[in-house]
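This report concerns only the one structure given below.
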Amino acid sequence: MFKNGTIMQLGQVVADIDGQMEILHRDFGFGPFEVHIFDGRKVKDSMVRGKPSDHTYLCSSCWLGGVQFELMQPLVGRSIYDEYVEKHNGTGLQHVKIYYNDVKKEVAEYGKKGYPVTQSGGIGEDLFYYLDTEAKTAGVTIEIGNASSVPPPDSYFPEGATAKPFVKRPLRDGDIMQVGQVVKDIDKAMDVFFHDFGIGPFEVFTFTKERHINPMVRGKPGDHTFICACAWCGDLQYELMQPLTGSSVYTEFLDRRGEGLHHLKIYYKDVEKAVADFKAKGYGVIQSGGIGNDLYFYLDTEDCCQGLLIELGNAGEVGPSDRVYPAK
Ligand SMILES: [Fe+2]
């Protein structure tokens with residue numbers, strides 16, 4: 001199903017999982033979700049920060065093409081999900097999950113590289129390990145897992161629906177195509193992601209005033225500049241952004257939440273039509289622009305989606321990058 005070392009999942013911590021599933025299903029076509037109550041009966045060998053844990057949480061997931069989207073709502077006890085909310089001043093995108101067939105072997109390998117496990121457990125045949133990565137990855141938690149079979153869910157959302165299967169690319173309208181992270185030092189981040197986690201090489205672009213087409217920030221022409229680096233990892237593009245000058249949603253994010261996962265991007269071939277459709281549903285655009293034939297629009301979703309910022313894009317041709325990291 002997956003290749004070793006590819007990103008298979010994005011996870012968001014929420015305070016109200018039902019509310020989030022409802023809005024993402026109704027307005028963004030996510031789902032149906034499989035919903036689990038994960039407690040001591042379902043999760044084997046649950047560990048948090050080196051100690052056995054009896055924390056309980058609600059967890060739901062759905063596939064959007066080749067990427068799984070997961071929601072976690074902590075219920076009882078303390079876990080790294082609570083730590084995330086405290087550290088980043090609210091709920092939001094917390095982890096990316098990398099698939100490994102032999103995940104136990106990888107846990108040992110990452111341990112040698114200086115990434116111990118912070119939280120782990122097993123659900124059926126499925127084993128998961130969150131690694132202590134935030135300090136080196138500029139705020140991103142990396143989970144590794146074997147994506148094995150889990151017991152049937154406790155329920156579905158919407159009720160009675162059957163979950164959509166994993167579907168290999170090409171991209172279809174409504175698929176997750178990218179996760180984006182804001183960082184302060186893009187070269188340092190690329191170095192860690194490439195050498196320690198096998199993500200990359202990265203194509204690096206500087207969005208200068210000359211190159212950035214029609215930049216808009218909160219309804220006004222934007223004069224911000226930034227560096228952007230992209231790498232495909234399985235069916236997901238990993239994006240890093242480092243603001244250079246001016247204010248933008250990236251500088252706002254750094255001020256408010258610090259470095260970390262910033263947005264997920266949903267693909268629409270006719271993205272301008274999609275923007276108009278979302279506008280009709282009440283979602284304004286907070287920032288937009290283009291490079292080459294690639295257009296992007298950040299929707300005003302953070303408040304209504306419990307810290308989740310959704311970007312829309314057409315995956316257009318961007319033209320040659322300024323450089324590749326690591327250099328050939
Ligand atoms: Fe993006």
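The values are calculated or read from the model by the stated rules, or taken from the named source; none is laboratory data. Since we're looking at a predicted model, the values are computed, not measured. Positions of Cβ are backbone-derived with ideal geometry, glycine not excepted, and every protein chain shown enters the neighbour counts. Each accessible area value is taken on the protein alone, full model and side chains, heavy atoms only, with ligands, DNA and RNA left out. Shrake-Rupley method; radii C 1.70, N 1.55, O 1.52, S 1.80 Å.
Using only the Cα atoms of the range 140-238, construct the convex hull and provide its projected area averaged over every direction, in square nanometres to one decimal.
10.2
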Practice prompt. Could you tell me the distance between the Cα centroids of the range 197-260 and the range 113-145, to the nearest Å?
Written response: 26
Practice prompt. Convert each backbone phi in the range 42-49 into a coupling constant with the Karplus relation 6.51 cos²θ - 1.76 cosθ + 1.60 (shift: θ = phi - 60°), then list the ³J(HN,Hα) values in order as whole Hz, x for Gly and Pro.
Written response: 9, 9, 8, 6, 6, 10, 10, 6
Worksheet entry | Per-pair calculated FRET efficiency, R0 = 45 Å: ALA163 and ASP187 via Cβ, rounded to 0.05 | 0.65
Worksheet item: Per q in 0.09, 0.15 1/Å, what log10 I(q)/I(0) does a Debye calculation on the alpha-carbon atoms of the chain return?
Response: -0.44, -1.32
Discussion item. If I build a Gaussian network model for the chain, linking alpha-carbon pairs within less than 10 angstrom, which residue out of SER149, SER120, SER46 has the largest mean-square fluctuation?
Written reply: SER149
Discussion item. So if I place +1 on the C-beta of Lys and Arg and -1 on the C-beta of Asp and Glu, and nothing else carries charge, what would the dipole magnitude of the range 7-157 be about its Cα centre? I want it in debye, nearest 20.
Written reply: 500
Worksheet, complete the sentence: By the C-alpha gyration tensor axes a ≥ b ≥ c (rounded if a/c is under 1.5, else prolate when a/b exceeds b/c, else oblate), the shape of the range 1-84 is oblate
Worksheet item: Residues of the range 1-65: accessible area per residue at 1.4 Å, in Å²?
Response: 42
Worksheet, complete the sentence: Rounded to the nearest Å, the spacing of the alpha-carbon centers of the range 9-42 and the range 67-110 is 14
Item to complete: Would you mind checking which residues have amide H under 5 Å from PHE297's amide H? H placed 1.01 Å from N; only 5 or more apart, or other chain.
Response: LEU312
Practice prompt. Once you've got the Cα coordinates, tell me which of LYS3/LYS104; LYS112/LYS136; LYS3/LYS97; LYS3/LYS112; LYS97/LYS168 are over 19 Å apart.
Written response: LYS3/LYS112
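Where nothing but the Cβ of Lys and Arg (+1) and of Asp and Glu (-1) is charged, how large is the charge dipole of the range 131-222 around its Cα centre, in debye to the nearest 20?
Magnitude of the dipole: close to 500 debye.
For the chain, with only Lys/Arg (+1) and Asp/Glu (-1) charged at the beta-carbon, what is the dipole magnitude about the Cα centre, in debye rounded to 20?
Dipole size: approximately 500 debye.
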Practice prompt. State the percentage of accessible surface on the range 176-325 attributable to carbon and sulfur atoms; use a 1.4 Å probe and exclude ligands, DNA and RNA.
Written response: 50
Practice prompt. Consider a paramagnetic label point 7 Å from the Cα of ASP255 along Cα→Cβ; state which residues of the range 273-309 have an amide N under 12 Å from it.
Written response: none
Worksheet item: Hey, in the GNM for the chain with a 10 angstrom Cα cutoff, which one of PRO153, PRO170, PRO201 fluctuates hardest?
Response: PRO170
Fill in: Binned Cα-Cα distances of the range 7-157, short to long, each 5 Å bin given as a whole percent
2, 9, 18, 25, 23, 15, 6, 2, 0
Worksheet item: What length, rounded to one decimal in nm, is gained on full extension from GLU272 through to LEU244, with 0.36 nm per residue of separation minus their alpha-carbon distance?
Response: 7.3 nm
Response to the item:
Amide H neighbours of LEU75 at under 5 Å, excluding residues fewer than 5 places away on the same chain, with H built from the backbone geometry, are THR56, TYR57, LEU58
Worksheet item: Using a cut-off of 16 Å between alpha-carbon atoms, which aspartates and glutamates can reach LYS42, once sequence neighbours fewer than 8 places away in the same chain are excluded?
Response: GLU34, ASP54, GLU125, ASP126, ASP154
Worksheet, complete the sentence: When the charge dipole of the chain is computed with +1 at the Cβ of Lys and Arg and -1 at the Cβ of Asp and Glu, the Cα pointing farthest to the positive end, of TYR130, PHE33, THR301, is that of TYR130
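With a ≥ b ≥ c the root eigenvalues of the C-alpha gyration tensor of the range 176-325, is it rounded (a/c under 1.5), prolate (a/b larger than b/c) or oblate?
Verdict is rounded for the range 176-325.
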Worksheet item: Just going by the charge dipole of the chain, with Lys and Arg at +1 and Asp and Glu at -1 on Cβ, which of GLY246, VAL14, VAL285 is farthest out on the positive end?
Response: GLY246
Discussion item. For the pair VAL76/VAL318, report the inter-label distance in nm, with labels modelled 7 Å from Cα in the Cβ direction.
Written reply: 4.6
